[in-house]
Structure formats: C-alpha cells, structure tokens
Amino acid sequence: MYKKLVVLLILSFIFFGFKAADLNLTIRFNKIDGIKKSDRVLFEQNHIGDITRVFYTEDGRFLIDVTIKKTFTNVATRHSKFFITTDPQNEGKKAIVILQTKDGGEPLKEGAVIDGSSEYSALLGLMMDDLGTMLEDLKKQFEKIPDKIRKIPESEEYKKLKKKLERLSEEIKQAEKSAREKIQKDILPQLKQELEDLKERLRKFQKEESKPLKV
C-alpha cells in the first residue's frame, strides 16, 4: 500500500511538473533582421520568453528556438502570429512579438515548429479579421430590427445590399495574396459606400416612423 502511494505521488508530481513547464517552440523565418540569441519574446509589451538559438538551414531559411515562460504559454495558439520587430525597451536590439488574431484557439504543443510572419502581414491579418467581424455584426443587426420595418428585407434593394455584404465578407477572407492592394483600392472603398448607403436608407425610414429607430 505504501509503495502504491509513493508511486502515485511521484506520477502526480511528474504530471503537474510537465503541465506547468515552460513552452519551447521553433519559428521559421525567411530573414531575421539581426535578431540574436538571448533577445526577448514579447506579448503586449510584456517580456514572456527568450530566444535560445538562431541557426541557418540548408534550404535558405532561419530557425529560431524560443522558450516561453510557463505563466504565458496560453498566448501561443494556432491563432497567434509571430513576427520580428525592434525591441521597444532595449535600444539596438530586436524581439519576437506574439500577436493573437483571435481569442481562444488550440494551444501550441511543446516542440511545435511554426512559420513566422512579417510585422505587416500579422497586423494586416488582424485588420482583415476585424473587417470580417464588423460585416457579420452588421448583417446580424438586420435580424434585430423591430417588426415595423420587417418589410425591408422583402425589397429588392435590401436583397441587393445583403448580397453585396456577403460578397465583401467573402472577398476579405480570400484577399491574403494581394491583401494590401485589394483592401486599399477595392474592399475598403466599397465597404465605406455600402455603409453610407445603409445609413441613408435607415435615416429615410426613420422619417416615416413616429418613433426614432435605434440600431
């Protein structure tokens, strides 16, 4: 009985010890912009880990090993982006920043190898997700409109507007390859126009109602 108790205590110690351990990851980059071993890993300006090794591979890419402190391992998920930038608190040094594009997501496992991003592409991905969320929220608002204006969805104008919103949402999801040009020259101007048209339609409808409409 005593031996079994000792074994259970040892197994519990090992299990919780591993569970609370630091997280080791390897990040692939095409270029490293002068980053070095011992440079920091940051999340929202917090020092959450360190770079333990930087090496060049035969296929012309760089691999960077990082260790993330056990209290911050939850910020490294499948929705996280890793990019190299200037360390804001250490002049002349670089750092790897973790950016979470979405809440939640499956946590990265010990020893996982992931692709790094450029700072621009990481922020652009976040912006695209925000635009997609905004469009989804806008479409949901139509479902909450009072009964007095339930006839609007039956009109051809509403159907056309709904199709445009759905198309814009789909374009945002598929715009990764030419995202910068697509968003600046096409999607954002269209989105702005559609939102202005929507506000104008709602303003006109408010004039026909005795009670102001709140959306």
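The values are calculated or read from the model by the stated rules, or taken from the named source; none is laboratory data. Because the structure is a prediction, the values reported are computed rather than measured. No Cβ is skipped: glycine too gets one built from the backbone with ideal geometry, and neighbour counts run over all protein chains shown.
Tabulated values for the structure
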{"item": "Filter result (assigned to a strand (DSSP E or B), of a type in the set (A, V, I, L, M, F, W, C) and out of contact with any Phe, Trp or Tyr (no Cβ under 6 Å at 6 or more places or on another chain)) within segment 51-73", "result": "Ile51, Val54, Phe55, Ile64, Val66, Ile68"}
{"item": "Filter pass, Thr85 being within 21 Å of the chain's Cα centre (by Cα), surrounded by fewer than 20 Cβ atoms within 10 Å (Cβ to Cβ), within 14 Å of Leu108 (Cβ to Cβ) and at pLDDT 90 or above", "result": "no"}
{"item": "Selected residue (criterion: surrounded by the most Cβ atoms within 10 Å (Cβ to Cβ)) from residues of segment 88-105 that are within 9 Å of Leu42 (Cβ to Cβ) and β-branched (Val, Ile, Thr)", "result": "Ile96"}
{"item": "Segment 63-82, subset among the β-branched types (Val, Ile, Thr) and within 13 Å of the chain's Cα centre (by Cα), residue surrounded by the fewest Cβ atoms within 10 Å (Cβ to Cβ)", "result": "Thr77"}
{"item": "Qualifying residues in segment 8-50 (those that are assigned to a loop (DSSP other than H, G, I, E, B) and within 17 Å of Asn74 (Cα to Cα)) - the one modelled with the highest pLDDT", "result": "Asp22"}
